[in-house]
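These notes are about the structure you will find just below.
Readers should treat all values here as calculations from the given coordinates under stated rules, not as data from a laboratory. Computed from a prediction, not measured in an experiment: that's the story for all the values here. For neighbour counting, all protein chains shown are included, and Cβ atoms are generated from backbone atoms with ideal geometry for every residue, glycine included.
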């Protein structure tokens, strides 16, 4: 989806950058603890890897938008300019360096264009207008290649034991067919798995029920 996003809202752009900043700070804090405070016993390498996986995912999403739809997402460029300093600490990170480099290439390009306008105390709308003008001469070949976004889904071996009764519970509550609950043993299985009858009631009360 990130390669097809058009006209990203300012709030969404800001939240994406804020998410990266939050994860980045936590990753750096944990890395510092492990390196300098000898807390390796409390924090395993897997803890750092989790943060790095999350950072990589956010950076790949940003890269994808910038690579394929930069001209249609000036709000994201604006958000990057506002927070351009947050990428510097990870500039030399072995795993994230290439993704960071692409983002900083975009930041440098548009920062120069905005600075050349020599506006005193420019408003948000004025900066966005400058970004829009500069985006017209932007070419994606300035960026390095980016990996295809891939996501893995792991299904539990006994997942059908939950999903089959759950789907029938949905059919029971949303369909027009009358059921005698006492004879619908598969619904009892769902009750046993969920641990209560409340889940069936919740399905019954869900808005939009047929």
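A few notes on this one:
- Computed label-point distance, nm, for sites residue 171 and residue 94 using a 7 Å Cα→Cβ extension: 5.3
- The order of 131, 62, 177, 112, going from fewest to most other C-beta atoms within 10 Å of their C-beta, is 177, 112, 131, 62.
- Cα gyration tensor shape of the range 56-114, rounded if a/c is under 1.5, else prolate or oblate by comparing a/b with b/c: oblate
- Simple spin-label estimate for residue 158 and residue 115 in nanometres, 7 Å along Cα-Cβ: 6.2
- The simple spin-label model puts a point 7 Å past each Cα toward its Cβ; for residue 86 and residue 68 those points are separated by 2.3 nm.
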